[in-house]
Structure formats: C-alpha cells, structure tokens
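This report refers to the structure that appears directly beneath it.
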Amino acid sequence: MFNDIGPLEVVTIIVLAVLVFGPDKLPKVISDVMRTVRKIREFSESAKQDIRQELGPEFKDFEFEDLNPKTFIRKQLDNDELGLKEIRNGFDLKKEMAEVTDAVHSRDTGSSSGGGSIDMTKKPEEPGKDDRPPFDADAT
C-alpha cells in the first residue's frame, strides 16, 4: 500500500506527528490508529467471506484481486493453455527494432527476407520544367 514512501517522507511524517500530537499523546494515537486499521481489515475480510458464501461453491476460488484489470491481464498472459508464453518468448523485440532501424537507414541487415533491400528514405521529387505550382484564385 505504501511502497512508494521513502525514508525522508517517513521521517517527515514522524516529525509532523510529534509536533501535532505531542510526545505525550503520540503512543496513544498510534495505538488508536492501529486498532482502527485492524477493525477495517477484519470488516473487509468478513465482507469478502460473505460475498464468497453468497456467490456459491462455484466461486470459492474467486479472488477480489482478479477484478484489477492489470492482475487479470497478467494472469491471462501467464496462462499456459493459450500458448502465449511461446509467442512472447519467440518474439525478440531488440532484433525486430534493429531490423527496422537498419531498414530506415537503408543498411543491409544481412538477412534477405524477400527481393532486394527496400529504400525507405524520402527523396525529393524533381518538378518538370513546365510544371508550375497550383494557382489558387481565392488565396490572392
């Protein structure tokens, strides 16, 4: 929950707590806060158990963390039944990016996957001698 709090923030919170509550009342405030946190955890666990009981036996393995989209996608990608691990392990992003970079800079990668190399650089078109830019009567 508080994984991103550094040591400087912890020291700042402690100093502010001592200044706000005073050194005499600080232990009682800490114990009250801890008791409240414990009650909230107990309440949430009992609510989870009630929901699991109401859902029935087919949802006994249901985890509430699965409702988080990141966790759900991570679980699905790690699932061996889909064969996504083989696809993910077979895809070498560094190699693909190097090939794209070489193609953009028109370097030969050494692997000929088709005909010759493709020149993807922009070359300016040379207009003919009689070609004039288009005339826009409304612009003048």
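The values are calculated or read from the model by the stated rules, or taken from the named source; none is laboratory data. In this text the structure is predicted, and so the values were computed from the model without any measurement. Every residue, glycine as well, gets a Cβ built from its backbone with ideal geometry; the counts of neighbours run over all protein chains shown. These accessible areas exclude ligands, DNA and RNA; they are computed on the full protein's heavy atoms, side chains included. Shrake-Rupley method; radii C 1.70, N 1.55, O 1.52, S 1.80 Å.
Inspect all residues belonging to the range 68-75 and state whether any of them is modelled with pLDDT of 75 or more and assigned to a loop (DSSP other than H, G, I, E, B). Yes, there is a match, as at least one residue in the range 68-75 is modelled with pLDDT of 75 or more and assigned to a loop (DSSP other than H, G, I, E, B). Would you point out which residue out of K85, K60 is of a type outside the set (S, T, N, Q), open to solvent by 100 Å² or more (accessible area, probe 1.4 Å) and at pLDDT below 75? Sole residue among the options that is of a type outside the set (S, T, N, Q), open to solvent by 100 Å² or more (accessible area, probe 1.4 Å) and at pLDDT below 75: K60.
Here's the yes/no breakdown for (1) in contact (Cβ under 8 Å) with a residue 12 or more places away in the chain; (2) under 22 Å from E65 (Cβ atoms); (3) open to solvent by 100 Å² or more (accessible area, probe 1.4 Å); (4) among the hydroxyl-bearing types (S, T, Y):
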site	(1), (2), (3), (4)
G22	no, no, no, no
K25	no, no, yes, no
R38	no, yes, yes, no
R41	no, yes, yes, no
